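To start, the structure itself, in structure tokens.
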Amino acid sequence: MKKYLILAALAAAPLNPALASDYTIDPTHTYVSFAINHLGFSTMRGKFDRQSGSMQFDPDAKKASVTIEIDAASIDTGHEKRDAHLSSPDFLNAVEYPTISFKSTGVTWNGAKLATVSGDLTMLGVSKPVTLQVTSMNCAEHPFNKKWTCGFDATGSIKRTDFGVNYGVPAIGEVLDLQIEVEAARN
Amino acid sequence: MDNLLDRPEVQSALLPFVIALVLALGLRKLTATAWLWAMFAAFTLSALLINGLTLTPLTGTRKIILLIGGALFVAALLPGVLARLRLQRPFTDLFCLLALGWVFSAVVARMQTLQIAMIAAGAVAFAFTLQLSFERVIVNPARLHGAGLGLLLGVGLAATAAASALLGQLGLALAAACGGAYLAWVITGASGNAKQLVVTLPYVLAPLLLGVASVLFARLPWYALIPLAFIPLAASLVPLKFESRFARALVASLPGLVIALATAFWVWKSSGSASGY
């Protein structure tokens, strides 16, 4: 009887979210940044200072999913007045729409590593599909806290007008290049 | 032409001013509320250029555009009907209350009870101050339009100086439309004023919604609305002992313009006064 119980537990293991590698994103090592053309002169860069989320990651089963929630009001371009403007209804409308979220809907693999992460980006209440190219990825035991940790860097781009952010187009670029670095520890 | 219509100064100043002026002059013999129809047309076109045709997502700003357009339309259409029914004051109050609820309830619901109470009390006090002040000037076109011009200019400039060019542009477009209608009165002398309380609805509602939105969405200090609230009262107090309509218009609008510019400058300075970022 004991043997059957062990076999049953082993069979159920891949379906158990905890064993199928649930991860919690480390907000102190996760960065969501962007770059946008400024008046045709240069590229302006900024980031968000507060984000949270989770990952499910199972390279053996070639399954993965990512959910990230970003505090829209935490936008930081290194200029307080500009950040206030970017948070206003002209751009992110952060008071009415405080959260920007990305929820993956599918991934592709390159061997044991993620190649792309596709998902829905929701901003100002509008959801649009986005595909992120994963440029690097690694999983290993964290040298300090000894937790199994995975991280990846990804890039992508969106058209802000798709989300109703029309202000200043075309003087301020319509296409926003995204750069996302995520580090997450297994639960 | 497209590039010209993309320019904020055309969208929010030149175009609404010219359209309101031409329509107020053209329609004055057809209806007593020609100036309101003129402002409605001017604001609608400006809002289309500023916001585009899209209404999704239905943000607070887009709700404000719909409500201001609706208030101008109603104010132009209904004075006779509502006067007979003695419903003008309750109608104006109810319109403002429902508008505040529709635009801000979702945002305010996420706040603490004390914050909600303070915002509600401030908004109601602002609305009643404006309503009572406009009642004092409704019989005098010079004072009515002078107060409206200064108030809308002040709200538009203050919103722009705080953080939102979008809210600012809407206020400035209304101010320009008001200026066009005002000039039509200066040129013709046709009072065009139905002398009904409901015609002040857009002058109360637009600063109320744009002002509260600027405070909640664009970091406008709430106390910047206090001097703006007294613009209609200031316009009612200046002596207008001139024969010339131009002189009366100039003097009636002067206190509002001074208060509006001073408030906007103060907001601009206190919010960092950085430009060109």
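Tabulated data for the structure shown
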| quantity | calculated |
| --- | --- |
| Residue within the range B:172-189 that is in contact with a Lys or Arg (Cβ under 9 Å, 6 or more places away or on another chain), within 14 Å of chain A (Cβ to nearest Cβ), assigned to a helix (DSSP H, G or I) and not hydroxyl-bearing (Ser, Thr, Tyr) present | no |
| Breaking point among (1) assigned to a loop (DSSP other than H, G, I, E, B); (2) modelled with pLDDT under 90, for B:Arg110 | (2) |
| Test: residue in the range A:50-68 that is within 11 Å of chain B (Cβ to nearest Cβ) and crowded, with 17+ Cβ neighbours inside 10 Å | no |
| Residues within the range B:48-72 that are away from chain A (no Cβ under 13 Å) and surrounded by 20 or more Cβ atoms within 10 Å (Cβ to Cβ), tallied | 4 |
| Candidate set from the range B:192-242 (those that are open to solvent by less than 10 Å² (accessible area, probe 1.4 Å), under 19 Å from B:Phe95 (Cβ atoms) and β-branched (Val, Ile, Thr)); member that is nearest to the other protein chains (Cβ to nearest Cβ) | B:Val204 |
| Subset of the range A:79-111 [more than 7 Å from every other protein chain (Cβ to nearest Cβ) and basic (Lys, Arg)] | A:Lys103 |
| Given (1) in contact (Cβ under 8 Å) with a residue 40 or more places away in the chain; (2) surrounded by fewer than 24 Cβ atoms within 10 Å (Cβ to Cβ); (3) among the aliphatic types (A, V, I, L, M), number of the condition B:Ala127 does not satisfy | (2) |
| Within the range B:73-95, considering residues that are touching a residue at least 12 places away in the same chain (Cβ under 8 Å) and open to solvent by 70 Å² or more (accessible area, probe 1.4 Å), the one farthest from B:Ala106 (Cα to Cα) | B:Leu77 |
| All positions within the range B:167-188 that are in contact with a Pro (Cβ under 9 Å, 6 or more places away or on another chain) and open to solvent by 30 Å² or more (accessible area, probe 1.4 Å) | B:Leu172 |
| Whichever residue in the range B:123-163 is under 26 Å from A:Leu86 (Cβ atoms) and more than 16 Å from the chain's Cα centre (by Cα) and, among such residues, is farthest from the other protein chains (Cβ to nearest Cβ) | B:Ala161 |
| The range A:112-128, residues that are open to solvent by 40 Å² or more (accessible area, probe 1.4 Å) and within 14 Å of chain B (Cβ to nearest Cβ) | A:Gly125, A:Ser127, A:Lys128 |
| Output for the range A:163-187, where each listed residue is open to solvent by 70 Å² or more (accessible area, probe 1.4 Å) and closer than 28 Å to B:Gln11 by Cα | A:Pro170, A:Val175 |
| Extreme residue, farthest from the chain's Cα centre (by Cα), among residues of the range A:137-177 that are of a type in the set (S, T, N, Q) and within 24 Å of A:Ser54 (Cα to Cα) | A:Asn145 |
| Within the range A:129-149, considering residues that are open to solvent by less than 80 Å² (accessible area, probe 1.4 Å) and touching a Ser or Thr at 6+ places or on another chain (Cβ under 8 Å), the one nearest to the other protein chains (Cβ to nearest Cβ) | A:Val130 |
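The values are calculated or read from the model by the stated rules, or taken from the named source; none is laboratory data. Model, not experiment: these values are computed from the prediction. Neighbour counts run over all protein chains shown; Cβ positions are idealised from the backbone, glycine included. When the accessible area is computed, the model is the full protein with side chains, heavy atoms only, and any ligands, DNA or RNA have been set aside. Shrake-Rupley method; radii C 1.70, N 1.55, O 1.52, S 1.80 Å.
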